[in-house]
Amino acid sequence: MPIAAVQAVRSYLDYRAKPGLAQNESVDIKAEFAALINAKPSEISFVPNTSTGENFVVNGLGIPRARENVVTDELHFEGALLHLGELQQRNGLDLRIVQQRHGRIDLRDMEHAVDKKTKLIEISLVSMVNGFQHDLKAVCDLAHAHGAYVYADVMQAAGATPIDVRESDLDFCACSSYKWLMGDFGLGFLFVKESLLDKVAACPQYGYFEAQTLTSHLLPGDPPGDTPYTWRLKADAGGHFEVSTPAIGVMMALGQSLPYIRALGVGKIQAYREPMIKKLQGEMPRLGFEQLTPSESTSALLCFGLKGKNFRSILERLRERQVHVRVGPNYLRVSPSVFNDMDDIDKLLEALT
């Protein structure tokens, strides 16, 4: 989280503690995120997290139905695979999981899994497992040719990898804000193509934040009415999916980070990190780490297998040198971006030598 975003959250907390303080002027967060993925602000809804967005889409499409199937792949987000797996076990969903080949999902394998009964293709645009990146337009073309929709988890892409929902003709996507958007846990975004809003309006969740107008008929002076309240729901994405007040503190952080990301440009962010990634691709295998990320990937994630190395020893060496990467029993994941430079890469390599 950038220093400016942290300071914005602190200012908000001061305001909450002492409401007499002036609150910072708010930024149109939806418009900022919409511009980042080439969407309309009316197509963006706040959601608490990525998984809630995915559930809204799946529920809104009425999945599962007896004769429909969902196609996904092994490199999709683990929480989404759990969600779909439960629908398979509990409700008989016809779930088709395309297997990886050498860390990649081959579009031809996905083509074999899709048929005229496919309702939805679910993918992670960039896989959290190994950084593999789908050709989003090709996946959308495949789905639409069979009358299906595409939902993309863009958690590991938004803010770090260029996304164009118009060019790709994407139907739905969602992400939280705590990773490349430099926000925090508790607030994310759901994109729904405008022409599909009525088709996914069957979600059972309703709340006051979806209301365009909410009129009381309870108190003296209120207009008369036959019910305690009358209301009209908003017609945009927020009117379909925003059940309650979003995490305002995170909005304050995003009010700093999203304009910063847009001013830099995601394409320039991608270009800036490329030399760092190339160096890691060249040096890590020499240190005995197996590269798990496809070499042609342009995503911001690089994953390496530990090949029987003692991960606790590696973790301790990194901690001693204050190098922060994700380390598990069998893998190490590096995520360089604009907050890094080549000195950081050298520091990581030195710690692993």
If you average the sequence gap of Cα pairs under 8 Å that are 6 or more apart and divide by the length of the chain, what percent do you get for the contact order?
-> 19
Non-local residues with an amide H under 5 Å from the amide H of residue 150, with H modelled 1.01 Å from N and Pro and chain starts lacking one, are 121, 171, 172
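How long are the semi-axes of the ellipsoid equivalent to the range 23-136, from square roots of 5 times the Cα gyration tensor eigenvalues, in whole Å, largest first?
Values: eigenvalues 163, 68, 35 Å².
In descending order the semi-axes read 29, 18, 13 Å.
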Just the Cα atoms of the range 265-352, one point each, no solvent: what log10 I(q)/I(0) does Debye give at q = 0.14 Å⁻¹?
-> -0.45
Amide H proximity to residue 188 below 5 Å, modelled H, separation 5+ or other chain, gives 47, 49
Dipole magnitude of the range 265-352 about its Cα centre, charges +1 at Lys/Arg Cβ and -1 at Asp/Glu Cβ only, in debye to the nearest 20?
-> 260
Grab every C-alpha pair in the chain, bin the distances at 20 angstrom width from 0 up to the longest one, and report whole percents.
-> 27, 54, 17, 2
Quick one: Debye curve from the C-alpha atoms of the range 95-208, no solvent, what's log10 I(q)/I(0) at q = 0.21 Å⁻¹?
-> -1.27
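DSSP loop GluC sites (Glu not before Pro) in the range 44-145 with at most 14 other Cβ atoms within 10 Å of their Cβ, which ones?
Details: sites: 54, 68, 74, 78, 86, 111, 122; in loops: 68, 74.
When the GluC sites (Glu not before Pro) of the range 44-145 are filtered for loop state and at most 14 Cβ neighbours within 10 Å, 74 remain.
Could you check what % of the DSSP bridge pairs in the chain are antiparallel, to the nearest 5? Intermediate values should be presented prior to the final figure.
Numbers: 24 of 40 bridges.
Percentage antiparallel, nearest 5: 60.
Contact order normalised by length for the range 265-352, with contacts defined as Cα pairs under 8 Å and 6 or more residues apart; what percent is it?
Numbers: 103 pairs, mean separation 28.0, N = 88.
Relative contact order, the range 265-352: 32 percent.
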In a Gaussian network model of the chain with springs linking alpha carbons closer than 10 Å, the residue among 193, 30, 234 that fluctuates most is 234
Would you look at the GNM of the chain, springs on alpha carbons closer than 10 Å, and say which of 105, 269, 314 moves the most?
-> 314
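If you average the sequence gap of Cα pairs under 8 Å that are 6 or more apart and divide by the length of the range 1-120, what percent do you get for the contact order? List each step's numbers first, then the result.
Working: 94 pairs, mean separation 23.5, N = 120.
RCO, the range 1-120: 20 percent.
Within the set 179/309; 18/234; 278/309; 117/193, which residue pairs have Cα atoms separated by over 25 Å? Numbers along the way, then the final one.
On the way: 179/309 28 Å; 18/234 32 Å; 278/309 23 Å; 117/193 21 Å.
Long pairs (Cα-Cα over 25 Å): 179/309; 18/234.
Rounded to the nearest 500, what is the 222 nm mean residue ellipticity of the chain from helices alone, with -39500 (n - 2.57) per DSSP H run of 4+ residues and division by all residues? Intermediate values should be presented prior to the final figure.
Working: 12 runs with 131 residues, N = 353.
Estimated from H runs of four or more residues: -11000 deg cm²/dmol.
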Select from 50, 213, 118 the residue whose mean-square fluctuation is largest in a Gaussian network model of the chain (Cα-Cα springs shorter than 10 Å).
-> 213
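Send over the per residue convex hull volume for the range 38-92, Cα only, as a whole number of Å³. Show your work: numbers first, answer last.
Working: hull volume 6.4 nm³, N = 55.
It comes to 116 Å³ per residue, whole-number rounded.
Since every read-out is calculated from the coordinates, none of them should be taken as a lab result. Model, not experiment: these values are computed from the prediction. Virtual Cβ from ideal backbone geometry, glycine too; neighbours counted across all protein chains shown.
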